[in-house]
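Student: Here it is, the structure in full.
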Amino acid sequence: MITLSHVRTFWGSRFDATALAPQFAPHDGGPGVTIRLHDGRTIHGLVSVTGGWQPVYVLLPTSSNGRGWIILTDKDMVTS
């Protein structure tokens with residue numbers, strides 16, 4: 001799992017946080033959370049970030065909640 005601090009350090013002055021939804025910052029790299037997505041689905045998983053110079057938060061669902069990863073936006077919210 002990639003953390004925001006790692007991405008910020010790696011990209012240095014080229015790092016751009018404008019695409020990050022701020023409500024997910026406290027959960028980056030932490031224990032699992034439940035997220036209500038803008039389409040109404042509720043999914044449990046881990047919050048991580050993509051590794052590019054302009055990262056976005058992603059949800060890595062638990063195995064019982066699907067596969068792959070889901071891009072998180074400012075329309076999604078943490079429920080627990």
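Values quoted throughout were computed directly from the atomic coordinates according to the rules given, and no laboratory measurement underlies them. Keep in mind the model is a prediction, meaning the values are calculated, not measured. Please note: Cβ atoms are built from the backbone with ideal geometry, for glycine as well, and neighbour counts cover all protein chains shown.
Student: Do you know which residues across segment 2-17 are in a loop (DSSP other than H, G, I, E, B) and either within 10 Å of residue 72 (Cβ to Cβ) or out of contact with any Gly (no Cβ under 6 Å at 6 or more places or on another chain) (or both)?
Tutor: Filtering segment 2-17 down to residues in a loop (DSSP other than H, G, I, E, B) leaves 2-3, 15-17.
Within segment 2-17, 15, 16, 17 qualify.
Student: Take segment 27-44 and flag every residue that is on the phi > 0 side of the Ramachandran plot and touching a residue at least 24 places away in the same chain (Cβ under 8 Å).
Tutor: 29
Student: Still on this model: Residue under question is residue 20, and the condition is that it be part of a strand (DSSP E or B) and under 14 Å from the mean Cα position of the chain (by Cα); does it hold? Step through it out loud before you land on a result.
Tutor: Working: part of a strand (DSSP E or B): no; under 14 Å from the mean Cα position of the chain (by Cα): yes.
Against the criterion (part of a strand (DSSP E or B) and under 14 Å from the mean Cα position of the chain (by Cα)), residue 20 does not qualify.
Student: Counting only residues that are assigned to a strand (DSSP E or B) and in contact with a Leu (Cβ under 9 Å, 6 or more places away or on another chain), which one in segment 26-43 is nearest to residue 63 (Cα to Cα)? Let's see the steps before the verdict.
Tutor: From segment 26-43, those assigned to a strand (DSSP E or B) are 28, 33-36, 42-43; that's our starting set.
Keeping just the survivors that are in contact with a Leu (Cβ under 9 Å, 6 or more places away or on another chain) gives 28, 33, 35, 43.
Values: 28: 19, 33: 14, 35: 15, 43: 11 Å.
Per the criteria, the residue is 43.
Residue by residue, here is whether (1) closer than 16 Å to residue 3 by Cβ; (2) surrounded by 14 or more Cβ atoms within 10 Å (Cβ to Cβ); (3) in contact with a strand residue (DSSP E or B) (Cβ under 8 Å, 6 or more places away or on another chain) holds:
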| position | (1), (2), (3) |
| --- | --- |
| 20 | yes, yes, yes |
| 23 | no, yes, yes |
| 28 | yes, yes, yes |
| 36 | no, yes, yes |
| 44 | no, yes, yes |
| 55 | yes, yes, yes |
| 63 | no, no, no |
| 68 | no, no, yes |
| 75 | no, no, no |
